[in-house]
């Protein structure tokens, strides 16, 4: 009986302490929405570190609202730049339609500035430095913009953790990301990153007016070298026009021996 | 031995070591890659050339040129012009090497000089890590501007194809390119000269007297066997793309003299020394361009330049359309003993519309005019893909009427509308 008053103080302390902890946690939570969002994106992005270079062939299937299809086939070579403040280099070479066979796009990506880009036109053997300030227009008539499907650099966005929720067979962290690039075509993107292998499963793109523009679904993830995950089917649906584009990837090749020289402007004329 | 699938998929694969290393770590993946390689239709039939690949492509194009006026000169036929062009392209790759064969033939209904054959490319190329070597008939393009390709000096113009001078004849060459961190050095030895093609007596878009391409006059006693040479340095520094070169040899542009009976012009090819530079500054939606040359050997030493910009408005009015505005100033300081040039002090204004649609629809229109005279030249080119294999192209060219002492007067009655339908394979 006597013990009760004696316990009062510790109990009060405990309540106070737990309140403090709760308050502290609440503060930590508001602080860490961004940190948590960044951490989720970073874990996903960095799971990819160290791949050095890769080569992949893909088919791009364009479908209009009436369901009429046309197809392009292309190959993408990528050279990883390990420094997260420097963008990767990529070379896209078209194989079909036949009239653009051998046409190539070389990009030296930058994080916050416009990329360096060159277009190679094999019929004239002409290499043109092109303006890359606008990366949000349709890429070769597809629903993908150039900024959608090239290497998504971690530092191109700021992040905000929204929630976690089931997504298909996985549980996903839902992270909002805001492009830091001033000429981006989007005000924000919302991405679903699974908690199992930390890969992006779905992205919603919001246009400059803040309306939902496109939804990207990524699937058929396959692992290479026991490490690197790559999606082999990407479907982009334009919610405003109902047009769709699928990217269907063949198997990736890593350790191809590609180096800086293959991503040199002067090497473009080797293509055709 | 037959290489594994990824090697085949992967041509030109440069280094085998990392792949072999991976293969030893993952034998199952290697087998899988082999299966994938073959299932994609890359077959390994020649054990000696495991890393090889044959590629066959090209086009067949039908063209109709409708002239809106009767011809100006005697001998020219008052008819529309129809032609058929075939250009198969064969590429055979093995190891880091490639053999390319691109023959071209056009059969023309109007002009026997426009019915012609050329080997656009017939060469062997070997690519190293920081160099590549090309031996044979090849094509090289230098330059950045749109209204005139002033610095593009290696290949001879196939003028009967189009007056825009973008079609070129295959040039015999040994070309070594050294790709270094501090820039690219291109070394060219050019054994053998190709004569410019000119329309025949019946053809349109020609000089008042037709050019006799059978009797060219050369300054060099070696005639068309003079060995020309060029060296070019080019580099990219952030927003700047810069090239500079020196060329010595038979100038690709001829001047003309009358033949004995005054019925033909004979092309005269002189030995020239030329330095040239092409510079582009790319900043946001701006492309600022400059091309300049100084040439010695055709009359007084002279300079010429093309300078201007291209600015693009992206996704205009919230559509997918991009609109580019082009403006260039053309100046050429040559005297009358040098080869004639149409645009010596002119302004080019143009617009490029890219629809960014599935059909890759694009339109480029422009006008070149001389502010000090009435000379004007209008051009419109539009193209569109009809199916995965068929494209169509529309070209309209209009020339202002000029008094006979002006060079452009030769084309005054040659306004035309050209429609091309091409099948790519």
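Conditions (1) in a loop (DSSP other than H, G, I, E, B); (2) touching a residue at least 12 places away in the same chain (Cβ under 8 Å); (3) buried (at least 17 other Cβ atoms within 10 Å of the Cβ), marked per residue:
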residue: A:177; (1), (2), (3): no, yes, yes
residue: A:183; (1), (2), (3): yes, yes, no
residue: A:193; (1), (2), (3): no, yes, yes
residue: A:196; (1), (2), (3): yes, yes, no
residue: A:202; (1), (2), (3): no, yes, yes
residue: A:216; (1), (2), (3): no, yes, yes
residue: A:219; (1), (2), (3): no, yes, no
residue: A:231; (1), (2), (3): no, yes, yes
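Consider the range B:225-283 and keep the residues that are away from every other protein chain (no Cβ under 11 Å) and in contact with a helix residue (DSSP H, G or I) (Cβ under 9 Å, 6 or more places away or on another chain). The one that is farthest from residue A:269 (Cα to Cα) is B:269. Look at residue B:203 and say whether it is surrounded by 18 or more Cβ atoms within 10 Å (Cβ to Cβ), at pLDDT 95 or above and touching a strand residue (DSSP E or B) at 6+ places or on another chain (Cβ under 6 Å). Here the answer is no, as residue B:203 does not meet what is asked.
The conditions of being at pLDDT 95 or above, away from chain A (no Cβ under 14 Å), within 23 Å of the chain's Cα centre (by Cα) and surrounded by fewer than 16 Cβ atoms within 10 Å (Cβ to Cβ) are not met by residue B:380. Scanning the range A:242-265 for residues that are more than 10 Å from chain B (Cβ to nearest Cβ) and either part of a loop (DSSP other than H, G, I, E, B) or surrounded by fewer than 17 Cβ atoms within 10 Å (Cβ to Cβ) (or both) gives A:242, A:248. Across the range A:82-97, which residue is surrounded by the fewest Cβ atoms within 10 Å (Cβ to Cβ) among those that are without any contact (Cβ under 8 Å) to a residue 40 or more places away in the chain and out of contact with any strand residue (DSSP E or B) (no Cβ under 7 Å at 6 or more places or on another chain)? Filtering first and then ranking leaves A:83.
For (1) at the interface with chain A (Cβ under 9 Å from one of its Cβ atoms); (2) without any contact (Cβ under 8 Å) to a residue 60 or more places away in the chain; (3) assigned to a strand (DSSP E or B); (4) under 12 Å from the mean Cα position of the chain (by Cα), each residue gets a yes or a no:
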{"position": "B:119", "(1), (2), (3), (4)": "no, yes, yes, no"}
{"position": "B:126", "(1), (2), (3), (4)": "no, yes, yes, no"}
{"position": "B:132", "(1), (2), (3), (4)": "yes, yes, yes, no"}
{"position": "B:140", "(1), (2), (3), (4)": "yes, yes, no, yes"}
{"position": "B:154", "(1), (2), (3), (4)": "no, no, no, yes"}
{"position": "B:159", "(1), (2), (3), (4)": "no, yes, no, yes"}
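Given the condition crowded, with 17+ Cβ neighbours inside 10 Å, in contact (Cβ under 8 Å) with a residue 60 or more places away in the chain and under 29 Å from residue B:256 (Cα atoms), answer yes or no: does some residue in the range B:359-373 qualify? Yes, the range B:359-373 contains a residue that is crowded, with 17+ Cβ neighbours inside 10 Å, in contact (Cβ under 8 Å) with a residue 60 or more places away in the chain and under 29 Å from residue B:256 (Cα atoms). Identify the residue in the range B:260-297 that is free of Cβ contacts under 8 Å to residues at least 24 places away in the same chain and farther than 29 Å from residue B:222 by Cβ and, among all such residues, is farthest from the chain's Cα centre (by Cα). Across the range B:260-297, the extreme among qualifying residues is B:284.
All conditions in (1) over 18 Å from the mean Cα position of the chain (by Cα); (2) without any contact (Cβ under 8 Å) to a residue 12 or more places away in the chain hold for residue A:106, with the sole exception of (2).
When the range B:299-323 is limited to residues that are within 23 Å of the chain's Cα centre (by Cα) and farther than 18 Å from residue B:345 by Cβ, the one that is farthest from the other protein chains (Cβ to nearest Cβ) turns out to be B:309.
Among the residues of the range A:204-214, those that are assigned to a strand (DSSP E or B) and either in contact with a helix residue (DSSP H, G or I) (Cβ under 8 Å, 6 or more places away or on another chain) or farther than 17 Å from residue A:44 by Cβ (or both) comprise A:205, A:206, A:212, A:213, A:214. Only residues that are assigned to a strand (DSSP E or B) and within 25 Å of residue B:241 (Cα to Cα) were counted in the range B:174-198, giving 14.
Taking residues in the range B:384-398 that are away from chain A (no Cβ under 14 Å), and partners anywhere that are assigned to a strand (DSSP E or B) and buried (at least 16 other Cβ atoms within 10 Å of the Cβ), the pairs with Cβ atoms closer than 6 Å and at least 6 places apart or on different chains are B:395/B:381; B:395/B:418; B:396/B:380; B:396/B:417; B:397/B:379; B:397/B:416.
Against the numbered list (1) surrounded by 16 or more Cβ atoms within 10 Å (Cβ to Cβ); (2) in contact with a helix residue (DSSP H, G or I) (Cβ under 9 Å, 6 or more places away or on another chain); (3) within 20 Å of residue B:163 (Cα to Cα), residue B:340 comes up short only at (1). In the set (1) surrounded by fewer than 17 Cβ atoms within 10 Å (Cβ to Cβ); (2) over 16 Å from the mean Cα position of the chain (by Cα); (3) touching a residue at least 60 places away in the same chain (Cβ under 8 Å), the condition left unmet by residue A:208 is number (3). Here the range B:324-337 is the region considered, the condition is being surrounded by fewer than 19 Cβ atoms within 10 Å (Cβ to Cβ) and over 30 Å from residue B:219 (Cα atoms), and the residue that is nearest to the other protein chains (Cβ to nearest Cβ) is B:325.
Is it true that some residue in the range B:211-224 is assigned by TED's automatic domain parsing to the domain that holds residue B:140, in a strand (DSSP E or B), surrounded by fewer than 19 Cβ atoms within 10 Å (Cβ to Cβ) and at pLDDT 95 or above?
Going through the range B:211-224, the residues assigned by TED's automatic domain parsing to the domain that holds residue B:140 turn out to be B:211-224.
Add one more test, that the residue is in a strand (DSSP E or B), and what stays is B:211, B:217-218.
This time we only want the ones that are surrounded by fewer than 19 Cβ atoms within 10 Å (Cβ to Cβ), so: B:217.
Now restrict to residues that are at pLDDT 95 or above: B:217.
Yes, that holds for at least one residue.
The values are calculated or read from the model by the stated rules, or taken from the named source; none is laboratory data. Just so it is clear, the model here is predicted, and its values are computed rather than measured. Here the Cβ is made from the backbone with ideal geometry for all residues, glycine too, and neighbour counts use every protein chain on show.
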